[in-house]
Amino acid sequence: MNDESNEARQTASAPQTGYAPVNGLRMYYEIHGSGGTPLLLLHGGLFNIDLQFGQVLPGLAKTRQVIAVDFQAHGRTGDVDRPLTSANLASDIVGLLEHLRIPQVDVFGFSVGGAVALHLTIKHPEMVRKLVVSSVSFHPDGDRPENKEAVGELSVDMIAGTPMEQDYLAKSPNPDQLQGLLDKLGAFDDGFDGWSDVEIEGIAAPTLITVGDCDAVTLEHAVRFLRLRGGDVNGDFVGVPTSQLAVFPGTTHFNGLSRTALVLDVVTTFLDAPTEPASPA
């Protein structure tokens, strides 16, 4: 391959990047690939596009357009004087999609991003075709108590030398405000009592729930989540539901998407499947 064709290939594969003016933020976003229903990626707390989805994003973008964002105070998006809540961050996402003139997406959210994806799907159902929620509960009783306590006590010294600290210092427009981000994450969604069973049952979008087998979210909660979405049935007799559950083995909350090939297979198979339940064999 000559230098000109190699340069053209690299240019063609480079993502479109930009900043959307939403709710007082300059919200950083990237657009990769093309085709199909756009897939929106929402990262977890203290992570960003690269740290959370860097390994899986190229595979996801092979067959579809992928939109990835850095939340308030994360990655290349600066902070504003506002708490971090799923409602606030979902409002930013609505503003971003309006800015990009994209009326409907599939959504893949991890942890904090999963909470935002749930809020978006419940409050703006017309915007979400399919929902992937990873390592997140819909109610606080699904969380292991030590996780909330640990996040509430985080300090800059405790994460010194980690990829999260290094990426924050390298990319943030507010590199001196890392402790402020940790404090906001420690208070994430304080006062929010979660979603009711009726609200989860009422979600219109087919839902894929993923969780690690040693995650911050309990397996019992993940199964309850699945049942409320119409799963946990004998599919040979009644058909395979459009809402499903994947439990990743040997997987913690921190490394929830590290099984790249497994994650890609599970997520893309779900996204590419029909939106109507499969008939029994």
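So is T210 modelled with pLDDT of 95 or more, among the polar types (S, T, N, Q) and open to solvent by 20 Å² or more (accessible area, probe 1.4 Å) or not? Step through it out loud before you land on a result.
Values: modelled with pLDDT of 95 or more: yes; among the polar types (S, T, N, Q): yes; open to solvent by 20 Å² or more (accessible area, probe 1.4 Å): no.
Criteria not met by T210.
Looking at the stretch 66-89, which of its residues are assigned to a helix (DSSP H, G or I), open to solvent by less than 10 Å² (accessible area, probe 1.4 Å) and touching a residue at least 60 places away in the same chain (Cβ under 8 Å)?
Once the filter is applied, which keeps residues that are assigned to a helix (DSSP H, G or I), open to solvent by less than 10 Å² (accessible area, probe 1.4 Å) and touching a residue at least 60 places away in the same chain (Cβ under 8 Å), the stretch 66-89 yields only S86.
Could you go through the stretch 145-153 and let me know if any residue there is modelled with pLDDT under 95 and either under 14 Å from H43 (Cα atoms) or surrounded by 16 or more Cβ atoms within 10 Å (Cβ to Cβ) (or both). Let's see the steps before the verdict.
We begin by selecting, within the stretch 145-153, every residue modelled with pLDDT under 95; these are 145-153.
Subset that is either under 14 Å from H43 (Cα atoms) or surrounded by 16 or more Cβ atoms within 10 Å (Cβ to Cβ) (or both): 151.
Yes: the stretch 145-153 contains one or more residues that are modelled with pLDDT under 95 and either under 14 Å from H43 (Cα atoms) or surrounded by 16 or more Cβ atoms within 10 Å (Cβ to Cβ) (or both).
Working only within the stretch 211-241, note down all residues that are closer than 19 Å to P145 by Cβ, among the charged types (D, E, K, R) and assigned to a helix (DSSP H, G or I).
E220, R224
Restricting to the stretch 32-65, what's the tally of residues that are assigned to a strand (DSSP E or B), in contact (Cβ under 8 Å) with a residue 40 or more places away in the chain and either open to solvent by 20 Å² or more (accessible area, probe 1.4 Å) or small (G, A, S) (or both)?
Taking the stretch 32-65 and keeping what is assigned to a strand (DSSP E or B), we get 32, 39-42.
Next cut, in contact (Cβ under 8 Å) with a residue 40 or more places away in the chain only: 39-42.
Next, from what is left, pick out any that are either open to solvent by 20 Å² or more (accessible area, probe 1.4 Å) or small (G, A, S) (or both): none.
Summing the residues that are assigned to a strand (DSSP E or B), in contact (Cβ under 8 Å) with a residue 40 or more places away in the chain and either open to solvent by 20 Å² or more (accessible area, probe 1.4 Å) or small (G, A, S) (or both) in the stretch 32-65 gives 0.
Which members of the stretch 116-132 meet the condition of being open to solvent by 10 Å² or more (accessible area, probe 1.4 Å) and under 8 Å from the mean Cα position of the chain (by Cα)?
Within the stretch 116-132, no residue meets the criteria.
For D189, which of the numbered conditions (1) exposed (fewer than 15 other Cβ atoms within 10 Å of the Cβ); (2) touching a helix residue (DSSP H, G or I) at 6+ places or on another chain (Cβ under 6 Å); (3) within 24 Å of T121 (Cα to Cα) fails to hold?
If we test D189 against (1) exposed (fewer than 15 other Cβ atoms within 10 Å of the Cβ); (2) touching a helix residue (DSSP H, G or I) at 6+ places or on another chain (Cβ under 6 Å); (3) within 24 Å of T121 (Cα to Cα), just (1) comes out false.
Return only the number of the condition from (1) at pLDDT below 95; (2) under 26 Å from F138 (Cα atoms) that L57 does not satisfy.
Here L57 clears every test but (1).
Would you please name the residue that is most open to solvent (accessible area, probe 1.4 Å), looking only at residues in the stretch 90-109 that are among the small types (G, A, S), within 22 Å of G24 (Cβ to Cβ) and touching a residue at least 60 places away in the same chain (Cβ under 8 Å)? Full working, then the answer.
Step one: filter the stretch 90-109 for residues among the small types (G, A, S), giving 90-91, 95, 109.
This time we only want the ones that are within 22 Å of G24 (Cβ to Cβ), so: 90-91, 95.
With the extra rule that they be touching a residue at least 60 places away in the same chain (Cβ under 8 Å), the set shrinks to 91, 95.
Details: S91: 54, G95: 17 Å².
Step by step, filter the stretch 90-109, then rank; the result is S91.
The values are calculated or read from the model by the stated rules, or taken from the named source; none is laboratory data. Since the structure is predicted, the reported quantities are computational estimates derived from the model, not experimental observations. Cβ coordinates were reconstructed from backbone atoms using ideal geometry, including for glycine residues, and neighbour counts include every protein chain displayed. Quick note on the areas: whole protein, heavy atoms, side chains included, nothing else; ligands and nucleic acids left out. Shrake-Rupley method; radii C 1.70, N 1.55, O 1.52, S 1.80 Å.
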